1. Name the residue, out of ASP190, ASP275, ASP142, whose mean-square fluctuation peaks in a Gaussian network model built on the chain with Cα pairs under 10 Å.
2. Where is the GNM fluctuation largest for the chain (alpha-carbon springs, 10 angstrom cutoff): SER225, SER167, SER112?
3. Where does the charge balance sit around ALA245 when Lys and Arg score +1, Asp and Glu -1, over other residues with C-beta under 10 Å from its C-beta?
4. Provide the percentage of antiparallel DSSP beta bridges, counting only those with both residues in the chain; round to the nearest 5.
5. Going by amide H atoms built from the backbone, whose H comes under 5 Å of the H on HIS135, apart from near neighbours?
6. Which one of SER27, GLY253, ILE362 has its Cα pushed farthest toward the positive end of the charge dipole of the chain, where Lys and Arg give +1 and Asp and Glu give -1 at the Cβ?
7. Just in the range 270-318: which GluC sites (Glu not before Pro) are loop by DSSP and have at most 16 other Cβ atoms within 10 Å?
8. When the Karplus curve 6.51 cos²θ - 1.76 cosθ + 1.60 is applied with θ = phi - 60°, which whole-Hz ³J(HN,Hα) does each residue of the range 133-147 get, with x for Gly and Pro?
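The values are calculated or read from the model by the stated rules, or taken from the named source; none is laboratory data. Note that this is a predicted model, so its numbers are computed, not measured. Cβ atoms come from the backbone with ideal geometry, glycine included; neighbour counts cover every protein chain shown. Accessible surface is based on the protein model in full, side chains and every heavy atom, while ligands, DNA and RNA are left aside. Shrake-Rupley method; radii C 1.70, N 1.55, O 1.52, S 1.80 Å.
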Amino acid sequence: MSAEESTRATRLLPPSTRVVELGETFSTALAGRFLERLGAHVTRVVPTGEEAELDTLGPRLGDDEHGPSAAGVWLRQNKDTIDLDPGAPEARARLDELLDDADVVLIAGTTSRWSERGIDLDDVRRRASGAVIGHVTAWGDDGPRTHLRSNELLLQAAGGFMNLIGSASREPVRLGSHPLQATAGLLVLDGVMIGLFHRQSTGHATSFETSEFEAAAHLEWKIASTFQTGMPIDRRGDDGGPLVARTRDGHFGLFFTPRDWDGVKEMLGDPRLDDPRFATPGSRALHERELKELVEETTLPMSKKELYARAQARSIPSGHVATMSDLLDSPQYRARDFFRRIEVPGVGEGEIPDAPWAIRTIEDLDEGDAA
């Protein structure tokens, strides 16, 4: 499905909207990707001779260990790319042209790092005086950490996330993928859209700054809030969470509340669950290991999707642990045209997520009523 055929390429932004990505991180690339899906024309400006962050991320596509990064393929779709040699007059002139015409500029990296490359960010702001400018760094543009390198692992460690994940008897572990950097990208998108609305309303452009480290606090501040009140906080560990049981084809999680317990017993059909050891939430927590072993005697011969259907029929909060092939085959995603098929040079065809929204206008509603 082409961009024009996609039901999720919303084109809410005017086709004349120009976005410049000056440098690239996961967060700025994600914001640029969504702006492209909203109808903007996006140009990446990449410093010559530097390895971009996205190119260091796995997994790789194809059989070659040097194949393209899956994240890079996804986040760079439909963007133009220009190599920038700050010492070359023609390259600087091309950058100036882009900034003159820009409606949005996304700057990745600290002021001091761009200064080392020979680019003065104050000059960039003056040149793009009519644009909404979002400046994104890992830790912030000032402060004791501003000079440090970063990645998703370091952000999750420094932001407190890893203190919440894993077994209490083992070392902390990171949450998979790039949730903190992706959250920062969504915050950047918010800032850009607010800035564009402000410019449309007042005629004045605006600028904002954020960091991936600050995004961590916005994603999980409730535990810090609890800690400040002096209340005990949940520790990393195996107790008190969902009951995750093995099935013949994977794993299945039950997130049941006390009022769901009778439904769980009915779903599993094992009279041994009437044992007094499992009668109350407290006793089930005390005998969690025995409960899990008993439940798995029922779940191991069954498929995770069969268990999911049984639980949902009884309105029991639950979920099967989906694999990547499960996601690609998801009838829910398919029904909502969530994926787009693309060609990856040297690799072949594949599918990537389209825009994370399907927006309908009043005209769409009127057409639906007429039909």
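1. Among ASP190, ASP275, ASP142, the largest GNM mean-square fluctuation belongs to ASP275.
2. Of SER225, SER167, SER112, the most mobile in the Gaussian network model is SER225.
3. On the way: positive: ARG246, LYS292, LYS304; negative: GLU293, GLU296, GLU297.
Surrounding charge for ALA245 is 0.
4. So the antiparallel bridges amount to about 40 percent of the total.
5. When sequence neighbours closer than 5 places are left aside, the close amide H contacts are ILE107, PHE208, GLU209, THR210.
6. GLY253
7. Passing sites in the range 270-318 do not exist.
8. After applying 6.51 cos²θ - 1.76 cosθ + 1.60, I find 10, x, 10, 10, 10, 6, 10, x, 7, 8, x, x, 9, 4, 8 Hz.
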